[in-house]
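The values are calculated or read from the model by the stated rules, or taken from the named source; none is laboratory data. Not measured: the values here are computed from a predicted model. A quick note on method: Cβ atoms are made from the backbone with ideal geometry, for glycine too, and the neighbour counts reach across all protein chains shown. Surface areas here come from the heavy atoms of the whole protein model, side chains and all, with no ligands, DNA or RNA. Shrake-Rupley method; radii C 1.70, N 1.55, O 1.52, S 1.80 Å.
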Number of protein chains: 4
Amino acid sequence: MERIDNFKTIVDKYNIIFFDAFGVLKNYHGLVPDIERTFEYLKEQNKEYYIVTNDASRSPVQLASSYHKMGLHAITPDRIISSGMLTKEYLYLKVYDGIVAYLGTEDSAHYIESLGLHPMPVSEVNASNIDNVNALLFLDDEGFDWARDLNIAVNLLRKRTIPAIVANTDDTYPATISDVSIAIGGLANMIESIVGKSFIRFGKPDSQMFMFAYDLIREYRPISKKEIVMVGDTLHTDILGGNKFGFDTVLVLSGNTLPQDVNTRINSTGIVPTYICDTAVVKNDI
Amino acid sequence: MERIDNFKTIVDKYNIIFFDAFGVLKNYHGLVPDIERTFEYLKEQNKEYYIVTNDASRSPVQLASSYHKMGLHAITPDRIISSGMLTKEYLYLKVYDGIVAYLGTEDSAHYIESLGLHPMPVSEVNASNIDNVNALLFLDDEGFDWARDLNIAVNLLRKRTIPAIVANTDDTYPATISDVSIAIGGLANMIESIVGKSFIRFGKPDSQMFMFAYDLIREYRPISKKEIVMVGDTLHTDILGGNKFGFDTVLVLSGNTLPQDVNTRINSTGIVPTYICDTAVVKNDI
Amino acid sequence: MERIDNFKTIVDKYNIIFFDAFGVLKNYHGLVPDIERTFEYLKEQNKEYYIVTNDASRSPVQLASSYHKMGLHAITPDRIISSGMLTKEYLYLKVYDGIVAYLGTEDSAHYIESLGLHPMPVSEVNASNIDNVNALLFLDDEGFDWARDLNIAVNLLRKRTIPAIVANTDDTYPATISDVSIAIGGLANMIESIVGKSFIRFGKPDSQMFMFAYDLIREYRPISKKEIVMVGDTLHTDILGGNKFGFDTVLVLSGNTLPQDVNTRINSTGIVPTYICDTAVVKNDI
Amino acid sequence: MERIDNFKTIVDKYNIIFFDAFGVLKNYHGLVPDIERTFEYLKEQNKEYYIVTNDASRSPVQLASSYHKMGLHAITPDRIISSGMLTKEYLYLKVYDGIVAYLGTEDSAHYIESLGLHPMPVSEVNASNIDNVNALLFLDDEGFDWARDLNIAVNLLRKRTIPAIVANTDDTYPATISDVSIAIGGLANMIESIVGKSFIRFGKPDSQMFMFAYDLIREYRPISKKEIVMVGDTLHTDILGGNKFGFDTVLVLSGNTLPQDVNTRINSTGIVPTYICDTAVVKNDI
């Protein structure tokens, strides 16, 4: 574990950089100040980069567009790898027809129809269509009535033996500087425990997330895991997952892990990043 | 483990009978058919009985009144021991002043004010009063907006180091013949796991529930645990708790445990009742 | 939560004091220095006291004798309430005949025969006697071959639907100033998770432990929970259990909870003692 | 979910077949009777196959040799993908120098030295070398003294913030027709829970296991996940993992999942194989 003063050192050392989104590139205020300098330097140095995010609430096109609105134009849809993309691949490979019920917004369910499947908010599942429901997706904590629809989801899984897929493994996400919100991953954990069945989860720290990103690159050029570094603000997702997959890892202190807690947290969890750096911002040499 | 044909055998054998409520005396339709015969026989034989229930949604007076409305007059408030009563005792002994925030209906919070404490629905907790909140109660799954108020509860527990008390340990309760609803115990488990703190739970199978009932009787006459039998429909609460406390136990098959599943469930959980009986109804001799 | 300088304040305030043993009265070196002064003062002030311990490895007579050898004569067998005593009561009330298999030393199983049951080390369970085994006890981490006997225990519980009782809920215990040892409670957790059955646990923080102690006193005089204080070094057992039962609680910093960690631990667990005091030693007034 | 009478149907339908080892190809008696016919047919039809096994106790060369001794010569070392190989890759990528402590046999640790690292049984870790220990591996349940060495492992992880890698995710393995043994995965779960740190696990159902196999094939020819089927006897590892990775799956009833339990297990776990087939044996057409 090495302390790094300037994120430039990291860019200079690796050919490919994977960034977590929230807590690394942006936070509740908007972009992390001066983060655009990092992308300028990446371009200058001809380095590759990807955003690897547990965000299944929107499509890569929508996610990229939100960066553009904040003034960061370097992040294009093809640079974004989300847990939603793994959910989509799962449906493509494993669910052949029928209704796919979901908890989330309409935006989060945007791709279901394009796979020839019938998306249906959980609220519309009833006795007349339940036998045609072939999967249940946990996509987003918004877009539905928790009390009504979490109960429908529980009863759907008690009556139908179908896969339940969680497209975001986070328990909570930061809502304001002082508050968090329960994420769809937290709600899914409750329902999995209640119904006693095994859910399928996509998202860091699970390896499949990193493999999906790694594969995208290997399609056009050979790479080794040693060329890649994962940059994140959360020990249990970004760093644990990156380490397990075999990547070097950088913990930044601009999000979930606060500077005053970093040593305690590393010791108590046993999750050790290769580097620690205050932010992912490249500072100009003086 | 012994199969019993007529619940009369149980009444003849023990001096005091503890009944679970839901699945034993009543279900979604109303009373279990002919259950009043059991209470007539108990009276005839001069046997004592108590209802020991994980129900914190209403006071003993309100619970008794609901039996009266269904036509069962033998159940008076002094016969009812609920997890809500343990929560009340906890507040009396351990919380001296200030606000007690709660998730549940106004009915479920009825006793807080009588203890000299200030009850407040979680929805009303805000920056101006949060420092006066000295406990958080999980009372009922109804009476609040899940999405809004579960998030407020998470942030309250992140900001304040206060006891969180769960007045009902059940994950779900039966809502109709085919559907269950998520109970406040299930919601509390999710929040405990998210905030990583240790909650205090009252309700079967916890011993404190049985001790509270046992103590009520000992106040007016000496008894031994061997005189008491616990009757319930759920292995994990009624039977496990009763066994652990040292009571003999009767599993009835009129609720959560179905006749066709009973052997599998006992073997897979390792929770063995002293007796199994179809229902808690005393059949007339022929 | 109040900081107390001299444990004398506590003795002056309560009529009955419950002490945890390890980390409060003794540690790996022997007695906590000057702890005998506390017992002199208790006697002077005519206060009652009990040792409430998750120690099922020896009988109260043997435990008391170990204090006498260290020079503390105030602790007599009738002052000691151990999780082993609850296990004994369980066997008395719920297991009527046959073999009681156990993991532990011969000392830890000393009382089984006096109940008219046949104690048998797990190592002696085999095809010829397995059908007569009516309970499995987890008593001590010593006295058996872990690799051989933990495997026998797993297979015993797969073949026989019998109660499994854990007489010590601790995961580990301090072995030297720098090292811990895995306790029988930790081994039992592993086996419970492997066989998927529900074990019965006796020991703090479970209420039954406190009730057993509370009842001993009530047999000879009426008391209220408000007269009793629980003194311990561990938030998750002594303090959580004492709080839940309705006692006031004192966290001492001479054992599991170190002075430099106390605030972090209280905030991260949400378990709040009524008082914090460096040790349970009564200091002389100056 | 489709019932298949003859495993030949599966071979005819897919280009590449992944087999679990224990319960599919072999059991405690030796080879599954007639399983060699399956490999003859695979060869005849020019189909590819791999053994994907949570077995880190021996090298692929040793594992292949054990099949040869039983008379199955079709399984060569290059056909075997074990969780031990992932552990080796992790050490290669992430541990640069120093001592790698391990729990297991010398055989299970065979590859550590070839990576330029210093393998050391946990029993030899002591105050003089502990600061040079840079990883702890859980490899096999044999080859060490459980009571002594599990305690050393706990204290090693309390003192050093190093990665703990579990090379086999199974809790137990079948030891005889009626008995199981606790596997190193079960022991590792206990220690992870005791020390409260996050371990790294390699083995089914984790995706990284399937990816490693998938990648081996892609190195010499392009494939799609649709061409591959995973054959296993265990819902929670082979089938859950295969499904999640996007493969079709076959549950065989010659191992962990018994014919009389299969429907109950699928419904209670929610893990649904694409096909169910009695065994992986190709039956001759009549």
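Looking at this structure, is D:Ser65 without any contact (Cβ under 8 Å) to a residue 60 or more places away in the chain and either open to solvent by less than 10 Å² (accessible area, probe 1.4 Å) or more than 15 Å from the chain's Cα centre (by Cα) (or both)?
Numbers: without any contact (Cβ under 8 Å) to a residue 60 or more places away in the chain: yes; either open to solvent by less than 10 Å² (accessible area, probe 1.4 Å) or more than 15 Å from the chain's Cα centre (by Cα) (or both): yes.
Yes: the conditions hold for D:Ser65.
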Determine whether segment D:145-164 contains at least one residue that is in contact with a His (Cβ under 9 Å, 6 or more places away or on another chain) and more than 20 Å from A:Ser268 (Cβ to Cβ). no
Suppose we filter A:Thr249, A:Thr264, A:Thr237 for residues that are of a type in the set (Ser, Thr, Tyr) and more than 10 Å from every other protein chain (Cβ to nearest Cβ); which single one remains? A:Thr237
Across segment A:173-211, which residue is nearest to D:Asn267 (Cα to Cα) among those that are part of a helix (DSSP H, G or I) and at the interface with chain D (Cβ under 10 Å from one of its Cβ atoms)? A:Val195
Per-region count, segment C:118-128, residues under 16 Å from C:Asp149 (Cα atoms) and either open to solvent by less than 60 Å² (accessible area, probe 1.4 Å) or small (Gly, Ala, Ser) (or both): 7
If you go through segment C:234-276 one residue at a time, how many are closer than 17 Å to C:Ile17 by Cβ, in contact with a strand residue (DSSP E or B) (Cβ under 6 Å, 6 or more places away or on another chain) and not aliphatic (A, V, I, L, M)? 9
Any hit, segment C:188-198, residues being in contact with a strand residue (DSSP E or B) (Cβ under 6 Å, 6 or more places away or on another chain), open to solvent by less than 20 Å² (accessible area, probe 1.4 Å) and under 22 Å from B:Leu86 (Cβ atoms): no
Go through segment C:1-50 and give me each residue that's in contact with a Cys (Cβ under 7 Å, 6 or more places away or on another chain) and part of a strand (DSSP E or B). C:Ile4
Unmet requirement for A:Thr279, which otherwise passes all of (1) in contact with a strand residue (DSSP E or B) (Cβ under 6 Å, 6 or more places away or on another chain); (2) open to solvent by less than 10 Å² (accessible area, probe 1.4 Å); (3) part of a loop (DSSP other than H, G, I, E, B): (2)
D:Ile80 fails exactly one of the following numbered conditions: (1) among the aliphatic types (A, V, I, L, M); (2) out of contact with any strand residue (DSSP E or B) (no Cβ under 6 Å at 6 or more places or on another chain); (3) within 29 Å of D:Tyr49 (Cβ to Cβ). What is the number of that condition? (2)
Can you tell me how many residues in segment B:68-117 are open to solvent by 60 Å² or more (accessible area, probe 1.4 Å) and within 13 Å of another protein chain (Cβ to nearest Cβ)? 3
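Could you say which residue among B:Phe202, B:Phe212, B:Phe245 is open to solvent by 30 Å² or more (accessible area, probe 1.4 Å), within 17 Å of the chain's Cα centre (by Cα) and farther than 18 Å from B:Val32 by Cβ? Can you show your working first?
Details: B:Phe202 fails: open to solvent by 30 Å² or more (accessible area, probe 1.4 Å); B:Phe245 fails: open to solvent by 30 Å² or more (accessible area, probe 1.4 Å).
Answer to the selection: B:Phe212.
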When segment D:156-172 is examined, which residues are found to be outside any helix (DSSP H, G or I) and more than 10 Å from chain C (Cβ to nearest Cβ)? D:Arg160, D:Thr161, D:Ile162, D:Pro163, D:Ala164, D:Ile165, D:Val166, D:Ala167, D:Asn168, D:Thr169, D:Asp170
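Rundown of residues vs (1) crowded, with 17+ Cβ neighbours inside 10 Å; (2) of a type outside the set (S, T, N, Q), yes/no style:
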site	(1), (2)
D:Ser224	no, no
D:Met230	yes, yes
D:Asp238	yes, yes
D:Leu251	yes, yes
D:Asp261	no, yes
D:Ile266	yes, yes
D:Lys283	no, yes
Contact list please: Cβ distance under 7 Å, first residue in segment C:69-87 and of a type in the set (Lys, Arg), second residue assigned to a strand (DSSP E or B) and open to solvent by less than 50 Å² (accessible area, probe 1.4 Å), pairs at least six apart or on different chains. C:Arg79/C:Tyr49; C:Arg79/C:Tyr50; C:Arg79/C:Ile51
What number of residues within segment A:9-24 are at pLDDT 95 or above and open to solvent by 40 Å² or more (accessible area, probe 1.4 Å)? 4
Considering only segment D:113-154, state which residues are more than 25 Å from the chain's Cα centre (by Cα), small (Gly, Ala, Ser) and closer than 26 Å to C:Gly186 by Cα. D:Ser123, D:Ala127, D:Ala147
Would you say C:Lys225 is within 9 Å of chain B (Cβ to nearest Cβ) and of a type in the set (Lys, Arg)? yes
For segment B:143-155, does any single residue satisfy the condition of being more than 8 Å from every other protein chain (Cβ to nearest Cβ), closer than 26 Å to B:Pro77 by Cα and either in a helix (DSSP H, G or I) or touching a Ser or Thr at 6+ places or on another chain (Cβ under 7 Å) (or both)? yes
